[in-house]
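The values are calculated or read from the model by the stated rules, or taken from the named source; none is laboratory data. Quick caveat, the model's predicted, so the values are computed rather than measured. Quick reminder, even Gly has a Cβ in these numbers, built from the backbone with ideal geometry, and neighbours come from all protein chains shown.
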Amino acid sequence: MYIQLEDTLADASFNFDDLDNLHALENIFSAGFSGDHLVRCSKKVLLILEENRNRFGSRTQRVIEKLKALSFQGMAPDFLRGVMSKIYINHTVSTVTKLDDGWRVPLNIFYDNSLVVRPLLLCEDLTDAEVLEYAAKHYVLVNKIRGCKISVRLEGGGGSCITDRLDYILRAQRDFVLCITDSDKLSPSDNLDDTAGKCANLIKSSNWVARYLPTPGRELENLIPWRFIDQALNVDCTRRWEVIKRLCNIAGSSVADYIDIKEGVRNRWVLEMPDGSPNRMYWEAIIDLLKEKDPQLQALLDKCNHSSKDACECYVFPNVAKRTADQVLGWLKINTPHKSAESLERRLDDDWVNIGREIFDFCCGDDKIRL
Ligand SMILES: [Zn+2]
(Lines give C-alpha, C1' and ligand atoms only; values in the text may rest on other atoms or scores of the structure.)
Protein backbone atom coordinates (compact mmCIF):
# COMPACT_ATOMS: atom_id res chain seq x y z
CA MET A 1 0.00 0.00 0.00
CA TYR A 2 0.98 3.62 -0.38
CA ILE A 3 2.12 4.65 3.12
CA GLN A 4 2.61 8.35 3.78
CA LEU A 5 4.33 9.37 7.03
CA GLU A 6 2.46 12.47 8.18
CA ASP A 7 4.22 15.65 9.29
CA THR A 8 3.33 15.05 12.97
CA LEU A 9 6.41 12.81 13.01
CA ALA A 10 8.50 15.96 12.72
CA ASP A 11 6.75 17.55 15.75
CA ALA A 12 8.42 17.93 19.11
CA SER A 13 5.83 15.53 20.53
CA PHE A 14 7.37 12.65 18.58
CA ASN A 15 9.91 10.87 20.73
CA PHE A 16 12.81 9.21 18.90
CA ASP A 17 14.03 7.80 22.24
CA ASP A 18 10.87 5.71 22.49
CA LEU A 19 11.81 2.19 21.39
CA ASP A 20 8.22 1.34 20.40
CA ASN A 21 8.17 4.31 18.04
CA LEU A 22 11.49 3.28 16.52
CA HIS A 23 10.34 -0.32 16.17
CA ALA A 24 7.13 0.73 14.39
CA LEU A 25 9.10 2.95 12.01
CA GLU A 26 11.63 0.16 11.35
CA ASN A 27 8.72 -2.16 10.47
CA ILE A 28 7.29 0.37 8.02
CA PHE A 29 10.67 1.03 6.42
CA SER A 30 11.43 -2.67 6.18
CA ALA A 31 8.23 -2.98 4.08
CA GLY A 32 9.49 -0.08 1.94
CA PHE A 33 12.85 -1.79 1.57
CA SER A 34 11.37 -5.11 0.46
CA GLY A 35 8.85 -3.32 -1.77
CA ASP A 36 5.87 -4.91 -0.03
CA HIS A 37 4.58 -1.38 0.58
CA LEU A 38 5.45 2.00 -0.92
CA VAL A 39 6.68 4.50 1.69
CA ARG A 40 6.81 8.28 1.24
CA CYS A 41 7.10 11.38 3.43
CA SER A 42 7.47 15.14 3.13
CA LYS A 43 10.86 16.92 3.11
CA LYS A 44 10.11 18.05 6.67
CA VAL A 45 9.82 14.47 7.93
CA LEU A 46 12.75 13.37 5.80
CA LEU A 47 14.94 15.96 7.50
CA ILE A 48 14.12 14.69 11.00
CA LEU A 49 14.63 11.09 9.88
CA GLU A 50 18.05 11.99 8.54
CA GLU A 51 18.96 13.67 11.83
CA ASN A 52 18.08 10.45 13.60
CA ARG A 53 19.37 8.01 10.99
CA ASN A 54 21.94 6.44 13.32
CA ARG A 55 19.15 5.10 15.49
CA PHE A 56 17.97 2.91 12.60
CA GLY A 57 19.23 -0.29 10.99
CA SER A 58 20.89 -0.44 7.58
CA ARG A 59 17.68 -1.22 5.66
CA THR A 60 15.88 1.81 7.05
CA GLN A 61 18.91 3.94 6.26
CA ARG A 62 18.77 2.76 2.65
CA VAL A 63 15.08 3.71 2.41
CA ILE A 64 15.88 7.17 3.83
CA GLU A 65 18.58 7.54 1.13
CA LYS A 66 16.06 6.56 -1.53
CA LEU A 67 13.50 9.06 -0.21
CA LYS A 68 16.16 11.73 -0.32
CA ALA A 69 16.98 10.90 -3.95
CA LEU A 70 13.26 11.00 -4.79
CA SER A 71 12.87 14.38 -3.09
CA PHE A 72 15.45 15.82 -5.51
CA GLN A 73 13.27 14.69 -8.42
CA GLY A 74 10.50 17.05 -7.29
CA MET A 75 6.81 16.32 -7.40
CA ALA A 76 5.65 12.69 -7.45
CA PRO A 77 4.23 11.42 -10.76
CA ASP A 78 0.46 11.71 -11.41
CA PHE A 79 -0.24 8.01 -10.98
CA LEU A 80 1.06 8.18 -7.39
CA ARG A 81 -0.48 11.52 -6.46
CA GLY A 82 -3.84 10.21 -7.66
CA VAL A 83 -3.75 7.03 -5.53
CA MET A 84 -7.11 6.78 -3.74
CA SER A 85 -6.19 4.18 -1.08
CA LYS A 86 -3.34 5.75 0.90
CA ILE A 87 -2.40 5.08 4.49
CA TYR A 88 -1.46 8.22 6.44
CA ILE A 89 0.66 7.33 9.48
CA ASN A 90 0.14 9.60 12.46
CA HIS A 91 1.49 9.14 15.99
CA THR A 92 -1.08 11.44 17.64
CA VAL A 93 -4.23 9.46 16.77
CA SER A 94 -5.42 6.23 18.39
CA THR A 95 -7.96 4.88 15.90
CA VAL A 96 -8.21 4.30 12.15
CA THR A 97 -10.32 6.93 10.38
CA LYS A 98 -11.55 6.95 6.78
CA LEU A 99 -10.42 9.87 4.59
CA ASP A 100 -11.39 10.80 1.01
CA ASP A 101 -8.23 9.22 -0.37
CA GLY A 102 -7.51 6.50 2.18
CA TRP A 103 -7.18 6.14 5.95
CA ARG A 104 -5.42 7.91 8.82
CA VAL A 105 -3.78 5.20 10.87
CA PRO A 106 -2.04 5.32 14.27
CA LEU A 107 1.68 4.61 14.10
CA ASN A 108 1.34 2.07 16.89
CA ILE A 109 -0.54 -0.46 14.74
CA PHE A 110 2.87 -1.10 13.18
CA TYR A 111 4.38 -2.17 16.52
CA ASP A 112 3.07 -5.54 15.41
CA ASN A 113 4.87 -6.64 12.26
CA SER A 114 1.91 -8.54 10.74
CA LEU A 115 0.96 -5.45 8.74
CA VAL A 116 4.36 -5.22 7.13
CA VAL A 117 3.28 -7.87 4.61
CA ARG A 118 1.63 -7.17 1.25
CA PRO A 119 -2.10 -6.30 1.33
CA LEU A 120 -4.67 -8.99 0.64
CA LEU A 121 -6.89 -9.21 -2.44
CA LEU A 122 -9.84 -11.33 -1.36
CA CYS A 123 -12.18 -12.68 -4.05
CA GLU A 124 -14.80 -15.42 -4.11
CA ASP A 125 -12.27 -17.86 -5.48
CA LEU A 126 -8.57 -17.87 -6.23
CA THR A 127 -9.10 -17.91 -10.01
CA ASP A 128 -11.00 -14.60 -9.79
CA ALA A 129 -8.17 -13.07 -7.72
CA GLU A 130 -5.51 -14.34 -10.12
CA VAL A 131 -7.39 -13.01 -13.17
CA LEU A 132 -7.90 -9.61 -11.49
CA GLU A 133 -4.20 -9.31 -10.66
CA TYR A 134 -3.65 -9.22 -14.43
CA ALA A 135 -6.02 -6.24 -14.70
CA ALA A 136 -3.68 -4.40 -12.30
CA LYS A 137 -0.59 -5.49 -14.26
CA HIS A 138 -2.25 -4.24 -17.44
CA TYR A 139 -3.08 -0.88 -15.79
CA VAL A 140 0.62 -0.50 -14.94
CA LEU A 141 1.68 -1.37 -18.50
CA VAL A 142 -0.95 0.74 -20.29
CA ASN A 143 0.07 3.78 -18.22
CA LYS A 144 3.80 3.06 -18.51
CA ILE A 145 4.19 3.18 -14.72
CA ARG A 146 7.79 2.77 -13.56
CA GLY A 147 9.55 2.67 -10.20
CA CYS A 148 6.83 0.75 -8.38
CA LYS A 149 4.87 -2.44 -8.81
CA ILE A 150 1.82 -4.48 -7.79
CA SER A 151 2.41 -5.99 -4.36
CA VAL A 152 -0.42 -8.26 -3.30
CA ARG A 153 -1.35 -11.57 -1.67
CA LEU A 154 -4.26 -13.38 -3.30
CA GLU A 155 -6.95 -15.33 -1.51
CA GLY A 156 -10.14 -17.14 -2.51
CA GLY A 157 -12.87 -16.78 0.10
CA GLY A 158 -14.74 -19.98 -0.80
CA GLY A 159 -17.74 -18.65 -2.77
CA SER A 160 -20.48 -17.28 -0.55
CA CYS A 161 -18.36 -18.15 2.56
CA ILE A 162 -16.35 -15.06 1.62
CA THR A 163 -18.53 -13.00 4.00
CA ASP A 164 -17.38 -15.10 7.00
CA ARG A 165 -13.75 -14.85 5.94
CA LEU A 166 -14.03 -11.09 5.40
CA ASP A 167 -15.71 -10.64 8.77
CA TYR A 168 -12.83 -12.52 10.42
CA ILE A 169 -10.17 -10.42 8.66
CA LEU A 170 -11.90 -7.17 9.66
CA ARG A 171 -12.10 -8.24 13.30
CA ALA A 172 -8.55 -9.61 13.50
CA GLN A 173 -7.08 -6.40 11.96
CA ARG A 174 -3.93 -8.17 10.83
CA ASP A 175 -4.33 -7.61 7.06
CA PHE A 176 -5.15 -4.62 4.90
CA VAL A 177 -7.82 -6.05 2.64
CA LEU A 178 -9.31 -5.23 -0.76
CA CYS A 179 -12.37 -7.39 -1.37
CA ILE A 180 -13.81 -7.77 -4.87
CA THR A 181 -16.83 -9.95 -5.62
CA ASP A 182 -19.34 -10.43 -8.42
CA SER A 183 -22.14 -7.87 -8.12
CA ASP A 184 -24.55 -10.55 -9.45
CA LYS A 185 -26.74 -7.70 -10.71
CA LEU A 186 -29.16 -8.99 -13.35
CA SER A 187 -29.66 -5.61 -15.02
CA PRO A 188 -28.21 -2.09 -14.74
CA SER A 189 -30.88 -1.01 -12.21
CA ASP A 190 -30.62 -4.14 -10.03
CA ASN A 191 -29.22 -4.05 -6.48
CA LEU A 192 -26.13 -5.94 -5.31
CA ASP A 193 -26.98 -9.55 -4.48
CA ASP A 194 -26.88 -10.96 -0.96
CA THR A 195 -23.15 -11.85 -0.81
CA ALA A 196 -21.99 -8.62 -2.46
CA GLY A 197 -24.32 -6.53 -0.28
CA LYS A 198 -23.04 -8.23 2.91
CA CYS A 199 -19.39 -7.64 1.92
CA ALA A 200 -20.15 -3.98 1.20
CA ASN A 201 -21.88 -3.56 4.57
CA LEU A 202 -19.18 -5.37 6.56
CA ILE A 203 -16.54 -3.00 5.22
CA LYS A 204 -18.73 0.08 5.55
CA SER A 205 -19.31 -0.62 9.23
CA SER A 206 -15.74 -1.65 10.02
CA ASN A 207 -13.13 0.60 11.50
CA TRP A 208 -10.27 -0.79 9.47
CA VAL A 209 -8.18 -0.32 6.33
CA ALA A 210 -10.41 -2.24 3.94
CA ARG A 211 -12.14 -1.60 0.64
CA TYR A 212 -14.94 -3.33 -1.19
CA LEU A 213 -15.61 -3.28 -4.93
CA PRO A 214 -18.33 -5.15 -6.79
CA THR A 215 -17.67 -6.03 -10.43
CA PRO A 216 -19.17 -3.27 -12.61
CA GLY A 217 -21.34 -5.83 -14.45
CA ARG A 218 -22.86 -9.10 -13.29
CA GLU A 219 -19.78 -11.30 -12.82
CA LEU A 220 -16.03 -11.32 -13.38
CA GLU A 221 -16.59 -13.00 -16.77
CA ASN A 222 -18.51 -9.91 -17.98
CA LEU A 223 -15.47 -7.77 -17.21
CA ILE A 224 -12.92 -9.88 -19.11
CA PRO A 225 -11.88 -8.28 -22.44
CA TRP A 226 -13.48 -10.07 -25.38
CA ARG A 227 -10.19 -10.54 -27.19
CA PHE A 228 -8.84 -12.46 -24.18
CA ILE A 229 -11.83 -14.82 -24.35
CA ASP A 230 -11.43 -15.13 -28.15
CA GLN A 231 -7.91 -16.44 -27.67
CA ALA A 232 -8.41 -18.40 -24.47
CA LEU A 233 -11.45 -20.56 -25.18
CA ASN A 234 -11.21 -24.25 -25.93
CA VAL A 235 -12.34 -24.98 -29.49
CA ASP A 236 -15.56 -26.68 -28.38
CA CYS A 237 -16.78 -23.38 -26.87
CA THR A 238 -15.86 -20.93 -29.61
CA ARG A 239 -19.00 -21.35 -31.74
CA ARG A 240 -21.27 -20.43 -28.80
CA TRP A 241 -19.00 -17.50 -27.92
CA GLU A 242 -19.26 -16.17 -31.49
CA VAL A 243 -23.09 -16.33 -31.21
CA ILE A 244 -22.95 -14.37 -27.94
CA LYS A 245 -20.82 -11.64 -29.49
CA ARG A 246 -23.11 -11.36 -32.52
CA LEU A 247 -26.21 -11.07 -30.30
CA CYS A 248 -24.55 -8.55 -27.95
CA ASN A 249 -23.71 -6.39 -30.95
CA ILE A 250 -27.36 -6.48 -32.04
CA ALA A 251 -28.79 -5.86 -28.56
CA GLY A 252 -26.51 -2.93 -27.80
CA SER A 253 -24.13 -1.56 -25.25
CA SER A 254 -24.92 -2.81 -21.78
CA VAL A 255 -26.19 -6.34 -22.31
CA ALA A 256 -22.71 -7.88 -22.45
CA ASP A 257 -22.33 -6.74 -18.82
CA TYR A 258 -25.40 -8.70 -17.64
CA ILE A 259 -25.53 -11.96 -19.62
CA ASP A 260 -24.56 -15.17 -17.85
CA ILE A 261 -21.53 -16.20 -19.89
CA LYS A 262 -21.07 -19.45 -17.96
CA GLU A 263 -24.66 -20.77 -17.92
CA GLY A 264 -26.33 -18.79 -20.71
CA VAL A 265 -29.61 -16.87 -20.58
CA ARG A 266 -32.74 -18.97 -21.03
CA ASN A 267 -36.14 -17.71 -22.15
CA ARG A 268 -37.98 -19.13 -19.13
CA TRP A 269 -35.49 -17.52 -16.72
CA VAL A 270 -36.68 -14.14 -17.95
CA LEU A 271 -40.34 -15.13 -17.80
CA GLU A 272 -40.00 -16.27 -14.18
CA MET A 273 -38.90 -12.82 -13.03
CA PRO A 274 -41.66 -10.86 -11.26
CA ASP A 275 -44.03 -9.14 -13.70
CA GLY A 276 -43.15 -5.48 -14.21
CA SER A 277 -39.87 -5.72 -12.25
CA PRO A 278 -36.99 -3.61 -13.62
CA ASN A 279 -34.94 -6.77 -14.31
CA ARG A 280 -37.76 -8.35 -16.33
CA MET A 281 -38.48 -5.16 -18.26
CA TYR A 282 -34.79 -4.88 -19.14
CA TRP A 283 -34.58 -8.44 -20.43
CA GLU A 284 -37.92 -8.33 -22.25
CA ALA A 285 -36.77 -5.26 -24.16
CA ILE A 286 -33.54 -7.08 -25.11
CA ILE A 287 -35.48 -10.17 -26.25
CA ASP A 288 -37.92 -8.08 -28.32
CA LEU A 289 -35.00 -6.38 -30.05
CA LEU A 290 -33.23 -9.67 -30.78
CA LYS A 291 -36.42 -11.32 -32.10
CA GLU A 292 -36.95 -8.42 -34.45
CA LYS A 293 -33.45 -8.77 -35.91
CA ASP A 294 -33.12 -12.57 -35.79
CA PRO A 295 -36.12 -14.56 -37.16
CA GLN A 296 -34.50 -17.89 -36.21
CA LEU A 297 -34.24 -16.85 -32.58
CA GLN A 298 -37.80 -15.53 -32.72
CA ALA A 299 -39.09 -18.90 -33.96
CA LEU A 300 -37.21 -20.71 -31.19
CA LEU A 301 -38.37 -18.46 -28.35
CA ASP A 302 -42.00 -18.28 -29.55
CA LYS A 303 -42.18 -22.08 -29.40
CA CYS A 304 -41.01 -22.19 -25.77
CA ASN A 305 -43.57 -24.01 -23.63
CA HIS A 306 -41.24 -25.20 -20.88
CA SER A 307 -42.68 -25.11 -17.40
CA SER A 308 -39.59 -23.94 -15.49
CA LYS A 309 -36.28 -22.20 -16.09
CA ASP A 310 -34.40 -25.39 -15.26
CA ALA A 311 -36.35 -27.39 -17.87
CA CYS A 312 -36.10 -24.65 -20.54
CA GLU A 313 -33.65 -25.27 -23.36
CA CYS A 314 -34.48 -22.13 -25.32
CA TYR A 315 -31.37 -20.04 -24.97
CA VAL A 316 -31.60 -16.32 -25.68
CA PHE A 317 -27.81 -16.24 -25.20
CA PRO A 318 -25.96 -19.56 -25.27
CA ASN A 319 -23.76 -20.81 -22.43
CA VAL A 320 -20.05 -20.62 -23.18
CA ALA A 321 -18.38 -22.74 -20.51
CA LYS A 322 -18.67 -23.12 -16.73
CA ARG A 323 -14.93 -22.60 -16.43
CA THR A 324 -14.58 -19.59 -18.73
CA ALA A 325 -12.45 -17.68 -16.16
CA ASP A 326 -10.13 -20.70 -15.72
CA GLN A 327 -9.62 -20.91 -19.48
CA VAL A 328 -8.82 -17.18 -19.59
CA LEU A 329 -6.41 -17.51 -16.66
CA GLY A 330 -4.66 -20.41 -18.42
CA TRP A 331 -4.19 -18.21 -21.49
CA LEU A 332 -2.99 -15.22 -19.40
CA LYS A 333 -0.42 -17.43 -17.68
CA ILE A 334 1.15 -18.76 -20.89
CA ASN A 335 1.60 -15.21 -22.15
CA THR A 336 3.54 -12.36 -20.58
CA PRO A 337 1.41 -9.47 -19.24
CA HIS A 338 3.00 -7.39 -22.04
CA LYS A 339 1.70 -9.79 -24.65
CA SER A 340 -1.84 -10.03 -23.24
CA ALA A 341 -2.00 -6.23 -22.82
CA GLU A 342 -1.56 -5.95 -26.60
CA SER A 343 -5.05 -7.46 -26.97
CA LEU A 344 -6.72 -4.68 -24.98
CA GLU A 345 -9.06 -2.46 -26.98
CA ARG A 346 -9.22 1.18 -26.01
CA ARG A 347 -12.65 2.28 -24.70
CA LEU A 348 -14.14 -1.24 -24.94
CA ASP A 349 -11.88 -2.47 -22.15
CA ASP A 350 -11.98 0.65 -19.94
CA ASP A 351 -13.76 -1.21 -17.12
CA TRP A 352 -10.96 -3.80 -17.06
CA VAL A 353 -8.22 -1.17 -16.85
CA ASN A 354 -10.23 0.86 -14.30
CA ILE A 355 -10.56 -2.06 -11.88
CA GLY A 356 -6.84 -2.63 -12.48
CA ARG A 357 -6.29 0.92 -11.30
CA GLU A 358 -8.32 0.32 -8.12
CA ILE A 359 -6.18 -2.74 -7.38
CA PHE A 360 -2.96 -0.82 -8.10
CA ASP A 361 -4.11 2.01 -5.81
CA PHE A 362 -4.58 -0.44 -2.93
CA CYS A 363 -1.68 -2.76 -3.71
CA CYS A 364 1.23 -0.65 -4.93
CA GLY A 365 4.70 -1.39 -3.63
CA ASP A 366 8.11 0.15 -4.15
CA ASP A 367 10.71 -1.56 -6.29
CA LYS A 368 12.85 -3.66 -3.96
CA ILE A 369 16.01 -1.89 -2.82
CA ARG A 370 19.19 -3.93 -3.33
CA LEU A 371 21.99 -3.72 -0.79
ZN1 LIG B 1 -37.98 -22.91 -23.24
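Worth a mention:
- The condition of being over 30 Å from residue 123 (Cβ atoms) and buried (at least 19 other Cβ atoms within 10 Å of the Cβ) holds for only one of 267, 222, that being 267.
- Exclusive hit being touching a Leu at 6+ places or on another chain (Cβ under 6 Å), in a loop (DSSP other than H, G, I, E, B) and in the same structural domain as residue 340 (by TED's automatic domain parsing), set 175, 167: 175
- Of all residues in segment 252-279, those satisfying the criterion of being away from the ligand (no atom under 16 Å from the Cβ), assigned to a helix (DSSP H, G or I) and either under 17 Å from residue 221 (Cβ atoms) or of a type in the set (S, T, N, Q) (or both) are 253, 254, 255, 256, 257, 279.
- Check on residue 323, surrounded by fewer than 19 Cβ atoms within 10 Å (Cβ to Cβ) and either under 30 Å from residue 125 (Cα atoms) or within 15 Å of the ligand (Cβ to nearest atom) (or both): yes
- Candidates in segment 312-340 are the residues that are of a type in the set (A, V, I, L, M) and modelled with pLDDT of 95 or more; of these, the one that is farthest from residue 259 (Cα to Cα) is 334.
- Any hit, segment 201-218, residues being over 15 Å from residue 327 (Cβ atoms), more than 16 Å from the ligand (Cβ to nearest atom), surrounded by 15 or more Cβ atoms within 10 Å (Cβ to Cβ) and not assigned by TED's automatic domain parsing to the domain that holds residue 124: no
- Residue list for segment 290-320, restricted to those being near the ligand (Cβ under 8 Å from one of its atoms) and part of a helix (DSSP H, G or I): 301
- In segment 291-306, the residues that are within 11 Å of residue 267 (Cα to Cα) form Cβ pairs under 6 Å with partners that are outside any loop (DSSP other than H, G, I, E, B) and within 8 Å of the ligand (Cβ to nearest atom), at six or more places apart or across chains, as follows: 301/267; 304/267; 306/268.
- Within segment 101-122, restricting attention to residues that are free of Cβ contacts under 8 Å to residues at least 60 places away in the same chain and farther than 8 Å from residue 175 by Cα, the residue that is surrounded by the most Cβ atoms within 10 Å (Cβ to Cβ) is 122.
- Any chance residue 341 is farther than 21 Å from residue 250 by Cβ and in the same structural domain as residue 130 (by TED's automatic domain parsing): yes
Condition check ((1) in the same structural domain as residue 100 (by TED's automatic domain parsing); (2) assigned to a helix (DSSP H, G or I); (3) modelled with pLDDT of 95 or more; (4) under 22 Å from residue 360 (Cα atoms)) across all residues:
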residue: 29; (1), (2), (3), (4): yes, yes, yes, yes
residue: 32; (1), (2), (3), (4): yes, yes, yes, yes
residue: 47; (1), (2), (3), (4): yes, yes, yes, no
residue: 50; (1), (2), (3), (4): yes, yes, yes, no
residue: 60; (1), (2), (3), (4): yes, yes, yes, no
residue: 64; (1), (2), (3), (4): yes, yes, yes, no
residue: 69; (1), (2), (3), (4): yes, yes, no, no
residue: 74; (1), (2), (3), (4): yes, no, no, no
residue: 79; (1), (2), (3), (4): yes, yes, no, yes
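- Any chance residue 282 is crowded, with 17+ Cβ neighbours inside 10 Å and either over 24 Å from residue 220 (Cα atoms) or more than 15 Å from the ligand (Cβ to nearest atom) (or both): yes
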